[in-house]
1. Might you let me know whether region 10-30 holds any residue that is loosely packed, with under 12 Cβ neighbours inside 10 Å, at pLDDT below 85 and outside any helix (DSSP H, G or I)?
2. Regarding residue 160, is this residue in contact with a strand residue (DSSP E or B) (Cβ under 9 Å, 6 or more places away or on another chain), over 21 Å from residue 22 (Cα atoms) and modelled with pLDDT under 90?
3. Return the residues of region 37-64 that are touching a helix residue (DSSP H, G or I) at 6+ places or on another chain (Cβ under 9 Å), buried (at least 18 other Cβ atoms within 10 Å of the Cβ) and within 23 Å of residue 94 (Cα to Cα); say none if nothing qualifies.
4. Going by what's in this entry, would residue 119 be described as farther than 20 Å from residue 207 by Cα, crowded, with 19+ Cβ neighbours inside 10 Å and free of Cβ contacts under 8 Å to residues at least 24 places away in the same chain?
5. Within region 27-50, track down each residue that is within 20 Å of residue 225 (Cβ to Cβ) and free of Cβ contacts under 8 Å to residues at least 40 places away in the same chain.
6. Which pairs do you get when a residue that is at positive phi, found in region 81-94, comes within reach of a residue that is surrounded by 15 or more Cβ atoms within 10 Å (Cβ to Cβ) and modelled with pLDDT under 90, reach meaning Cβ atoms under 9 angstrom, with the pair 6+ apart or on two chains?
7. How many residues does region 199-239 contain that are free of Cβ contacts under 8 Å to residues at least 60 places away in the same chain, assigned to a loop (DSSP other than H, G, I, E, B) and under 22 Å from residue 42 (Cβ atoms)?
8. Quick test for you: out of 176, 221, pick the one residue that is under 30 Å from residue 96 (Cβ atoms) and touching a helix residue (DSSP H, G or I) at 6+ places or on another chain (Cβ under 9 Å).
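The values are calculated or read from the model by the stated rules, or taken from the named source; none is laboratory data. Computed from a prediction, not measured in an experiment: that's the story for all the values here. With ideal geometry, Cβ positions are generated from the backbone for all residues, glycine too; neighbour counts draw on all protein chains shown.
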């Protein structure tokens, strides 16, 4: 299996007048490959491939890219996922394997690529999973806020988790921030964009050009990340 490097920061390319975000991952492969799923356009390329050559290939397959992205975008929203032994869900953009077990004392425990749920008649697996992900989300969101708030010169805000279906974050007039716990299923760069977006509202409680200028100081590629957020959101499971 070719050795891969971590994915580069999200890029974007204009195809037929549409700005398309894509994630580039380099490895010791010999050719450039394109793939599209609920996360959007993903490109695998040789370590030394030039960006110009990579984007020329994307343009050559531009209509295929647009058609596939449209197909994913127009798919019916996922139904409610039944949480059972062996179910896979995304956490931080990577697959997490669910194991239902009767062993141990803790109701849940995270392992490498796995979460163990001690479910029974009293503790339903889906409720345990949500509680576990909420706890993980609160810890991670607090950590990201603590990183970005000082960069913006604002105090660490109070954090609340929300369960809104379509709203990923909000900031009230007191500077308190709410973040949707389901963000924990998205890749970290998208979470960081939402964190930067809401923190920026402490400085600019609007969506004016001044607001987006503040966002850009924390997240220079916010446009690409916002596109990714919209693409990934459609594929998140409900449970």
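1. no
2. No: the conditions fail for residue 160.
3. Within region 37-64, 39, 40, 41, 43, 45 qualify.
4. yes
5. Step one: of region 27-50, the residues within 20 Å of residue 225 (Cβ to Cβ) are 35-43.
Passing the criteria: 35, 36, 41, 42, 43.
6. Note: pairs meeting the criteria are 93/39; 93/232.
7. Matching residues across region 199-239 total 2.
8. Numbers: 176 fails: touching a helix residue (DSSP H, G or I) at 6+ places or on another chain (Cβ under 9 Å).
Criteria check complete, one pass: 221.
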